[in-house]
Amino acid sequence: MSAPAAEPLSALPEHGPAFHRLVVTELRELTDDAVAVRLAVPEDLRAAYGYQPGQHVAVGVPGDEERRSYSLCGLPGEDDLRIGVRRLPGGRFSHGVLDTLRPGDALEVMTPAGRFGAGLPGLVRPAFVAAGSGITPALAMAAAALADETVEEVTVLACNRTQASVMFLEELAALKNRYPSRLQLVHLLTREAQESALLSGRLDPERLAAVRAALVGPVDGWFLCGPQSMVTELRAALLADGVPTGAVHVELFHAETAAPPPVPDAPATGTLATVRLAGLVGEVTVRPGEVVLDALLRVRPDAPYACKGGVCGTCRARVVRGEVVMGATWALEPDEIEAGYVLTCQSHPTGETLEVDYDA
Ligand SMILES: Cc1cc2nc3c(=O)[nH]c(=O)nc-3n(C[C@H](O)[C@H](O)[C@H](O)COP(=O)(O)OP(=O)(O)OC[C@H]3O[C@@H](n4cnc5c(N)ncnc54)[C@H](O)[C@@H]3O)c2cc1C
Ligand code: FES
């Protein structure tokens, strides 16, 4: 590759994905198991950390090679970054954030990535279905949509166990106060009875149909974020109900059932891959059985990734020439796959040569 193999991340091209140490300026309790973390972005990095609502950042797990993704939940006009972290039982990073992180500490944060919100601009009646911590991207996107006067109505269906477990409850209420006629905010609770039986219980396809009939007007784009089973079920229900495929966008935070990537018969000598990343073009051999991302990381430590499980989409690139077979593709929409986009953490080449473009 044109970039030296062992260069520190800070010396790599400025316009590519990069990690920087950002200082925590505020930790605010959201629920008894979730906090909002505010990270200061120095003025010279503001352009690099500018983001579209719906994007996320990869955060380095301290003392480890691992990374975790967190959706950016700031409101329009904020220069800092804000993320909301919920404690996951046994979770390494989330326990660290809730138990030991303090203002003044720094986190290694990658520049924003992700395309969940790419379908939002131009919509006039978007709807968000968010379960648990899935409210984080929905909050940022709903706020941005409401700030746009051409947007007629925004619907947020927030699904939680109890009212006390709703992350960003105050921010959601503040949005409702600010835009009373344009925001349809509906809280559904699974473990607490509400006055309306319709809003008490799990949001399954039947309940979604009933909520839509009773409370939701026309919608021109759906954004679903929550547990895999719920998102998969509701997406199928919307499509079965005639909503076009391109109008339903999903984001998962975790895949409960991740199939191991198939390993195709690859040339015994491996595949010579030409890779464009952050404007630099170079070559690397993808060894038999290896995925494109792992091969690339040997020579380009700045290659973007987080989950390595086909969920976050941080490693997305476009295949310009040649072919790959992928394992999990949770983070790609059907039209992206059609256009040749792949998740390089899941991609095994099948031929002798391959060309992928991370900048596409
Ligand atoms: C695009 C994207 C955006 C995300 N945004 C947010 C966000 O805004 N707020 C937030 O709190 N989290 C978010 N996540 C999830 C986050 O990245 C971590 O997965 C989560 O915080 C758990 O990390 P951990 O180190 O605490 O747990 P780990 O130590 O990674 O996991 C502990 C155990 O729980 C399982 N597990 C991991 N994640 C989940 C999950 N989400 N649900 C169920 N089981 C799981 C693991 O397989 C493991 O068995 C997002 C993930 C993605 C891919
Ligand atoms: S690194 Fe998350 S999808 Fe590839």
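The values are calculated or read from the model by the stated rules, or taken from the named source; none is laboratory data. None of the values given here were measured: they were computed from a predicted structure. Here the Cβ positions follow ideal geometry from the backbone for every residue, glycine too, while neighbour counts run over all protein chains shown.
Please give the number of the condition D99 fails out of (1) under 20 Å from W222 (Cα atoms); (2) without any contact (Cβ under 8 Å) to a residue 24 or more places away in the chain.
Single failed check for D99: (1).
Can you find a residue that is in contact with a Phe, Trp or Tyr (Cβ under 7 Å, 6 or more places away or on another chain), more than 21 Å from D265 (Cβ to Cβ) and of a type outside the set (S, T, Y) anywhere in the range 332-342?
The answer is yes, given that some residue of the range 332-342 is in contact with a Phe, Trp or Tyr (Cβ under 7 Å, 6 or more places away or on another chain), more than 21 Å from D265 (Cβ to Cβ) and of a type outside the set (S, T, Y).
Scanning the range 71-88 for residues that are more than 6 Å from ligand 1 (Cβ to nearest atom), modelled with pLDDT of 95 or more and more than 17 Å from the chain's Cα centre (by Cα), which turns out nearest to A174 (Cα to Cα)?
For the range 71-88, the residue satisfying everything is D80.
Quick grid of which residues meet (1) in contact with a Cys (Cβ under 9 Å, 6 or more places away or on another chain); (2) surrounded by fewer than 20 Cβ atoms within 10 Å (Cβ to Cβ):
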position: P180; (1), (2): no, yes
position: L199; (1), (2): no, no
position: R202; (1), (2): yes, yes
position: C225; (1), (2): no, no
position: L272; (1), (2): no, yes
position: L280; (1), (2): no, yes
position: G289; (1), (2): no, yes
position: V292; (1), (2): yes, no
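Are any residues in the range 180-234 assigned to a strand (DSSP E or B) and not hydroxyl-bearing (S, T, Y), and if so, which ones?
Answer for the range 180-234, where residues must be assigned to a strand (DSSP E or B) and not hydroxyl-bearing (S, T, Y): L183, Q184, L185, V186, H187, L188, L189, G221, W222, F223, L224, C225.
Cβ contacts < 8 Å: first residue within 22 Å of P112 (Cα to Cα) and within 16 Å of ligand 1 (Cβ to nearest atom), restricted to the range 290-305; second residue assigned to a helix (DSSP H, G or I) and not hydrophobic (A, V, I, L, M, F, W, C), any location; separation 6+ or different chain. Result?
Final answer for the pair search is L293/T344; Y305/T344.
Where residues in the range 276-292 are in contact with a strand residue (DSSP E or B) (Cβ under 8 Å, 6 or more places away or on another chain) and part of a loop (DSSP other than H, G, I, E, B), which of them is farthest from ligand 2 (Cβ to nearest atom)?
Once the filter is applied, the top-ranked residue is G289.
Just need a number here: residues in the range 144-166 that are part of a helix (DSSP H, G or I) and hydroxyl-bearing (S, T, Y).
Selection size over the range 144-166: 1.
Collect the residues in the range 303-325 that are in a strand (DSSP E or B), crowded, with 20+ Cβ neighbours inside 10 Å and more than 9 Å from ligand 2 (Cβ to nearest atom), keeping them in residue-number order.
Result: A317, V319, V324.
Which condition does L157 not pass, out of (1) farther than 26 Å from P218 by Cβ; (2) in contact (Cβ under 8 Å) with a residue 40 or more places away in the chain, if it passes all the others?
Among (1) farther than 26 Å from P218 by Cβ; (2) in contact (Cβ under 8 Å) with a residue 40 or more places away in the chain, the lone unmet condition for L157 is (1).
Taking A295 and the conditions (1) among the small types (G, A, S); (2) outside the structural domain of P218 (by TED's automatic domain parsing); (3) more than 16 Å from ligand 2 (Cβ to nearest atom); (4) not in a loop (DSSP other than H, G, I, E, B), which numbered condition does it fall short on, given that it satisfies the others?
Answer for A295: the failing condition is (3).
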